[in-house]
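Taking it in order: structure first as structure tokens, then the write-up.
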């Protein structure tokens, strides 16, 4: 090998090593960016989920609850201090939600937290303070005692229905897949039929098929 060819060979080897290092660097950079993007998307998803919970006002959520559970008392006969008018949206359930979220700072998406809140109303957990109860500073009459009595009148099944409905209202539902995609995923793969080996065993109820 001549000196010129040897130098050319060394230059190609040097160039290939540099290209290899560059490819490794670009690949590493891409993996770092992809991981950061995934983490960013997850954080954005959690923030959006939190925003969805916060944008659902207690009055609107209470209306949805009353639409589904019509047996719940509204207890919306109280007058406001500022207008001396009855506020029909100031209901038992809206105050229950405000007590749960604003006073006790409990999650509206956790079933156990709602049960703890109901336990407060039932008098078996924390004592509800009348000076912090929703409506105390805005209504002419503090509705706490009446609200507590109304919740205590509910039976176990009704309280469970209330908890289930509240959790479903504040929990974002997964997006439904297109019908064609759902049918494609649910369609069973074709299988090659196997020849029968022998007479099958009788099953319960087969004798009824022979009855006249």
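The values are calculated or read from the model by the stated rules, or taken from the named source; none is laboratory data. In this text the structure is predicted, and so the values were computed from the model without any measurement. Quick reminder, even Gly has a Cβ in these numbers, built from the backbone with ideal geometry, and neighbours come from all protein chains shown.
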> Can you tell me which of 122, 166, 183, 118 is in contact with a helix residue (DSSP H, G or I) (Cβ under 9 Å, 6 or more places away or on another chain), surrounded by 10 or more Cβ atoms within 10 Å (Cβ to Cβ) and either farther than 21 Å from residue 64 by Cβ or at pLDDT below 95 (or both)?
Replying inline: 122
> Which residues, taken from the stretch 151-170, are more than 16 Å from the chain's Cα centre (by Cα), farther than 17 Å from residue 75 by Cβ and in a helix (DSSP H, G or I)?
Replying inline: 156, 157, 160, 161
>> If residue 87 meets every condition in (1) in contact with a strand residue (DSSP E or B) (Cβ under 9 Å, 6 or more places away or on another chain); (2) buried (at least 19 other Cβ atoms within 10 Å of the Cβ) apart from one, which number is that one?
In response: (2)
